[in-house]
Amino acid sequence: MSVMVVGQIGRDMVLQTPDLSGTGGSHPVRERREMLGGKGANQAVGLAQLGVPVGLIGVVGADEPGATALQQASSDGIDTAHVVRRGTTALLVSVVDDSANRLLLEHVPQHALLTPDDIDRGRAALLAADTVSVQLQQPIESTLRAARQGRQAGALVLADGAVDPDHSDELFELVHVFRADADEAELLAGEPVSTAAAATALASRILRKGPVLVALAIPGVGDLLVWRDGSRLFPLSSAPVVDRTGAGDAFMAGLIAALRRDADPVQAGHLATAAASATVGHLGGRPQLDGLRHA
């Protein structure tokens, strides 16, 4: 049994510069890194590092960066048999300064997104998985198709990201666990979700629509987990932040790894927040969670 992650795969380029506050002119690059990236790939890498058998459904280009991405994912222990190859590989460029401010440049062509047919080609893997994790950056028809197949197979179904309001009720009926960062929670609520009280109210509304566990990031506060008979706020770590890229992906990896071994929501929240904290301490969104494997 394994986890199937459905989401974005791309090539990440991370540039570190002292200061992003100015406009115009030039900015010296102190450090440059290139790696496998995208929300789906980052989450799958984190799960593999935590000792979870994991496969990936996504799209890479029929180009050299696509071949490199597949090779890296395989080296990381990820099953890539259901990754589709076509077009140009998505490119994600992050420019990060010494204050952890970030400028993100994304080139994600339409052909780099999953189609319902792509999901159907991975149907056998989805039906065999015990857990299906869906990133909502993909077209809603594809994410709903993946969630529906996972649910029909009796898998634990998780989703994270921004929800299309026109399809939110249908999605929430299909997923057991839902996560949103601060911006995504604001889109869902129609207003800023900047306090624990506001996040609790939003999570409670979501729980009434189907999920059994909701995780919401509160800016400057921490991560709130709410379930049907309880809640817990996990404050932001005091550890230094170098780059916030990939924190949510690592959080989801930790949450999934804990829930698969029957952890309760509080135990799952501890591993999820530890995974996020470990990721923001270095440059780039690629997780480094090997040290949490037995946590």
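Figure the gain on full extension for Val29 and Ser75 (residue separation times 0.36 nm, minus the Cα-Cα span) and round it to one decimal in nm.
Values: separation 46, 0.36 × 46 = 16.56 nm, distance 2.88 nm.
Net length gain for the segment: 13.7 nm.
Residues of the chain: accessible area per residue at 1.4 Å, in Å²? Show your work: numbers first, answer last.
Details: 12470 Å² over 295 residues.
Value for the chain: 42 Å² per residue.
Take the Cα of Val241, go 7 Å toward its beta carbon, and the backbone nitrogen atoms of segment 192-234 under 13 Å from that spot belong to 217-223.
So if I place +1 on the C-beta of Lys and Arg and -1 on the C-beta of Asp and Glu, and nothing else carries charge, what would the dipole magnitude of segment 52-134 be about its Cα centre? I want it in debye, nearest 20.
Computed charge dipole of segment 52-134: roughly 200 debye.
The DSSP beta bridges internal to the chain are antiparallel in roughly 45% of cases. Extending 7 Å from the Cα toward the beta-carbon at both Ile140 and Asp63 defines two label points whose distance is 3.0 nm.
Could you tell me the relative contact order of the chain? Use alpha-carbon pairs under 8 Å, at least six residues apart, and round to a whole percent.
Contact order relative to length: 17 percent.
Most simply put, segment 77-182 has about 45% antiparallel DSSP beta bridges, counting only bridges with both residues inside it. Short to long, the 5 Å bins of the Cα pair-distance histogram for segment 87-213 hold 2, 10, 17, 19, 17, 15, 12, 6, 1, 0 percent of all pairs. Simple spin-label estimate for Gln110 and Asp166 gives 1.6 nm between the two label positions (7 Å along the Cα-to-Cβ direction from each Cα).
Take the chain, connect every pair of alpha-carbon atoms lying under 10 Å apart with a spring to form a Gaussian network, then pick out the residue of Leu224, Leu136, Leu187 with the largest mean-square fluctuation. For the chain, modelled as a Gaussian network with Cα springs under 10 Å, the answer is Leu187. Ranking of Glu64, Glu106, Glu186 by solvent-accessible surface, largest first: Glu64, Glu106, Glu186 (1.4 Å probe, protein heavy atoms only, all chains present).
Calculate, for Ala196 and Arg261, the FRET efficiency according to 1/(1 + (r/R0)^6) with r their C-beta to C-beta distance and R0 22 Å; round to the nearest 0.05.
Working: r = 28 Å, r/R0 = 1.26.
Computed FRET efficiency for Ala196 and Arg261 comes out at 0.20.
For the chain, adding -39500 (n - 2.57) for each run of n ≥ 4 DSSP H residues and dividing by the number of residues yields -10500 deg cm²/dmol at 222 nm.
Given contacts defined as C-alpha pairs under 8 Å and at least six residues apart, what's the relative contact order of segment 41-87, whole-number percent? Mind showing how you got there, number by number?
On the way: 66 pairs, mean separation 21.6, N = 47.
So the answer I get is 46 percent.
In segment 158-252, the DSSP beta bridges split such that about 65 percent are antiparallel, to the nearest 5. Over all distinct Cα pairs, what is the inverse of the mean 1/r for the chain, reported as the Kirkwood hydrodynamic radius in Å? For the chain, the Kirkwood estimate is 19.0 Å. Centroid-to-centroid, using Cα positions, segment 77-93 and segment 123-191 are 20 Å apart.
Under 17 Å from a point placed 7 Å out from the Cα of Leu187 along the Cα-to-Cβ direction: which residues of segment 107-121 have their backbone N that close? Residues 107-110, 113-114 qualify, since their backbone N sits under 17 Å from the label point. Which residues does the label zone of Arg293 cover in segment 28-54, counting backbone N under 15 Å from a point 7 Å along Cα→Cβ? Of the residues in segment 28-54, 45-54 have backbone N under 15 Å from the label point off Arg293. Rounded to the nearest 20, the size of the Cβ-charge dipole of segment 87-148 about its Cα centre is 220 debye, with Lys and Arg at +1 and Asp and Glu at -1. Neighbours of Leu216, meaning other residues whose beta-carbon lies under 14 angstrom from its beta-carbon, give a summed charge of -4 when Lys and Arg score +1 and Asp and Glu score -1. Compute a Gaussian network model of the chain, connecting alpha carbons closer than 10 Å, and tell me which residue from Val226, Val175, Val241 fluctuates the most. Highest fluctuation among the options: Val241.
For segment 31-189, what is the charge dipole size about the Cα centre, in debye to the nearest 20, if Lys and Arg each add +1 at the Cβ and Asp and Glu each add -1 at the Cβ? Don't skip to the answer; put the middle values down first.
Values: 12 positive and 24 negative charges, 117 e Å.
For this selection, approximately 560 debye.
On full extension, the segment bounded by Met1 and Leu233 gains 80.4 nm, given 0.36 nm per residue less the C-alpha separation.
The relative contact order of segment 8-153 comes to 24 percent, based on Cα pairs under 8 Å that sit 6 or more residues apart.
The values are calculated or read from the model by the stated rules, or taken from the named source; none is laboratory data. Since the model is a prediction, treat every value here as computed from it, not as a measurement. As a convention, Cβ positions derive from the backbone with ideal geometry for all residues, glycine included, and neighbour counts pool all protein chains shown. These area figures cover heavy atoms from the full protein model, side chains too; ligands, DNA and RNA do not enter into them. Shrake-Rupley method; radii C 1.70, N 1.55, O 1.52, S 1.80 Å.
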